[in-house]
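To start, the structure itself, in structure tokens.
Each reported figure results from applying straightforward, stated rules to the coordinates on display, with no laboratory input. Note that the coordinates shown come from a computational prediction; the quantities given were computed from them, not determined experimentally. Glycine also receives a Cβ, built like all others from the backbone with ideal geometry; neighbour counts cover every protein chain displayed.
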Amino acid sequence: MARNRFRGRGGPDAGPSRLQQGLRLVGRIAKPILGTAVVLGGLTGVGVAGWKAVQRSPYFQARQIDAEGSAHLTREEVVARAGLDEAVNLFKYETEAAVEALLAHPWVATATVEKSLPDHVRIRVEERRPEGIVVLGGLYLVDGTGEPFAQPTPAESVGLPLVTGVDRAAYQADPKKAHRHIRDALAVARLYAQSPLARRRPLSDVHLGEGGRTELVVGRTRVVLGRTHFKQKLDGLVRIFDQLDARKMDATYILMSADLRRAIVKEVPRQDEQAGSLTLRAGDREGASKWPGK
């Protein structure tokens, strides 16, 4: 069963029917019928009678169905969505409609349906792979394209990065632009996962801030990375947290500089509520006088 689908999609038929093979079989199976039709109705009636005969013939009923299930669709559900849970004649069976029905399931990324006369149908489905979760008037799984597709269960949410700051109205106005921003946020999350910080300071979420800024929420600290040079800024962030840890301090926010050499850090002691602010260079203990911004 489809669950909390974000929006529907369609898809093309990936496998045309093998008509030449079918016509040879038609001639062999329907020959006695066609002979009678010639006597009774002439050549025009032959085509009509023959075509109707093969459409009714049990010889062309789908019997051999190759279908693979998935984590979110059983084989029986795949067959039912493809319209093969009841007897169907392959000359009447529409593979395009079957593909569309399969793609309507939120977890199906691609689907192909091929029929082979006299009675064989092959169905293949490929599931989406969730890459993260986006807050969009609710929680939605997103795949590698940045497209939301279904609401997650608690088990499906484990280990996936969270993307916040996406406005639903803006998404609906320009989905492609929103998908691009979500992909960028997921890329930053992957970079953070490769950082030495990932284990000792787990990432809470990637926030898409005003003006296209990318921000991280790391524990109690908001880190403003800006728009570019994320890998270099994350390397600088490691050094900043190393300095904070050495002095048993924490930070409420860190603003990374556009020139990759400076950052503004609002420090807080780990054991009390007293707060101060300090501007640090990403590479050493000496401060700078201002935040250059982006």
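Within segment 113-132, the set of residues being outside any loop (DSSP other than H, G, I, E, B), touching a Phe, Trp or Tyr at 6+ places or on another chain (Cβ under 7 Å) and under 30 Å from Ala169 (Cα atoms) comprises Glu127 only. Note on segment 247-264: residues that are in contact with a Gly (Cβ under 9 Å, 6 or more places away or on another chain) and of a type outside the set (A, V, I, L, M, F, W, C) amount to 4.
Select from segment 68-87 the residues that are more than 26 Å from Gln151 (Cβ to Cβ) and surrounded by 18 or more Cβ atoms within 10 Å (Cβ to Cβ) and write down the one among them that is farthest from the chain's Cα centre (by Cα).
Of everything passing the filter in segment 68-87, Leu84 is farthest from the chain's Cα centre (by Cα).
For segment 74-112, a residue qualifies if it is of a type outside the set (S, T, N, Q) and assigned to a strand (DSSP E or B), and the qualifying residues are Val108, Ala109, Ala111.
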